[in-house]
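Written below as structure tokens is the structure these notes are about.
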Amino acid sequence: MAAFNGKWSSAPHAFPPLTKGGQGGFAPGFTLVEVIVTILMAAIMGAFFIQFMGTAMSKSTRAIENVRDEAAAERVMEQIVADYVAEINKANPAAALGTIRGRSYGTSQISVNMGYITFTLAGAKQTATLSRTLEVSVRPVLAPGSEMVTLLTESRQAGSPASPPVAY
């Protein structure tokens, strides 16, 4: 075997230098060990990813359900306020709160609580059997953290002087 450019020895069993790619070395590409290590690392990372995403995907529908329930509660609250505006603008506005309190707005998914309240001089809320303020609380049954509260009042008086109509 002849020497190659002074890089090979003249010994009969000399091998070319073991380098990747280029002249006199291995053909360019990946070795079997590199391919197996890459596949193993991808499998381990995939297992972690599936574990993480599996938990996140199973809980992702709860946010959609919360939004749906909150929208239903908001519709009920809007209906209560619309009924209040219609009642308070009638000839006898003093009966508006009693009429609203006597109606049933709750459903199997929506809880509606109504009660008369007053406030002390210090600003603390007190329950009352009858007052000029009705507290209305609307919340989805399955999403107890999202509660809407509004206060409805007898803001108009019948007779002279005439109060302007209430508009929301």
From 73, 63, 86, residue being farther than 18 Å from residue 106 by Cα, surrounded by 12 or more Cβ atoms within 10 Å (Cβ to Cβ) and of a type in the set (A, V, I, L, M, F, W, C): 86
Qualifying residue in the stretch 115-129 (condition: modelled with pLDDT of 85 or more, over 15 Å from residue 149 (Cβ atoms) and of a type in the set (D, E, K, R)): no
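Can you go through 111, 104, 131 and tell me which one is polar (S, T, N, Q), under 16 Å from residue 76 (Cβ atoms) and surrounded by 12 or more Cβ atoms within 10 Å (Cβ to Cβ)? Steps first, answer last, please.
On the way: 104 fails: surrounded by 12 or more Cβ atoms within 10 Å (Cβ to Cβ); 131 fails: under 16 Å from residue 76 (Cβ atoms).
Unique residue meeting the criteria: 111.
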Residue within the stretch 57-69 that is closer than 25 Å to residue 147 by Cα, polar (S, T, N, Q) and in contact (Cβ under 8 Å) with a residue 60 or more places away in the chain present: yes
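Could you tell me how many of the residues in the stretch 70-81 are touching a residue at least 12 places away in the same chain (Cβ under 8 Å) and within 20 Å of residue 152 (Cα to Cα)? Steps first, answer last, please.
Just the residues of the stretch 70-81 that are touching a residue at least 12 places away in the same chain (Cβ under 8 Å), to begin with: 70, 72-74, 76-77, 79-81.
Applying the additional criterion that residues be within 20 Å of residue 152 (Cα to Cα) yields 73-74, 76-77, 79-81.
Matching residues across the stretch 70-81 total 7.
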Test: residue in the stretch 94-111 that is part of a strand (DSSP E or B) and under 34 Å from the mean Cα position of the chain (by Cα): yes
Count of the stretch 116-143 residues which are in a strand (DSSP E or B), free of Cβ contacts under 8 Å to residues at least 60 places away in the same chain and either touching a His at 6+ places or on another chain (Cβ under 9 Å) or not hydroxyl-bearing (Ser, Thr, Tyr) (or both): 7
Residue satisfying all of: in the stretch 16-38; exposed (fewer than 10 other Cβ atoms within 10 Å of the Cβ) and among the aliphatic types (A, V, I, L, M); modelled with the lowest pLDDT among these: 18
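Could you list, in sequence order, all residues of the stretch 61-93 that are of a type in the set (Lys, Arg) and not in a helix (DSSP H, G or I)? Break it down into steps so the answer makes sense when it comes.
The initial filter retains those residues of the stretch 61-93 that are of a type in the set (Lys, Arg), namely 62, 68, 75, 90.
Answer for the stretch 61-93, where residues must be of a type in the set (Lys, Arg) and not in a helix (DSSP H, G or I): just 90.
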Residue in the stretch 92-103 that is closer than 13 Å to residue 152 by Cα, hydrophobic (A, V, I, L, M, F, W, C) and in contact with a Phe, Trp or Tyr (Cβ under 6 Å, 6 or more places away or on another chain) present: yes
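Residues to consider are 63, 86; find the one that is hydrophobic (A, V, I, L, M, F, W, C) and within 16 Å of residue 134 (Cβ to Cβ).
On the way: 63 fails: within 16 Å of residue 134 (Cβ to Cβ).
Exactly one of 63, 86 is hydrophobic (A, V, I, L, M, F, W, C) and within 16 Å of residue 134 (Cβ to Cβ), namely 86.
The values are calculated or read from the model by the stated rules, or taken from the named source; none is laboratory data. Remember, predicted model here, so these are calculated numbers, not experimental data. Cβ: placed from backbone, ideal geometry, glycine included. Neighbour counts: every protein chain shown.
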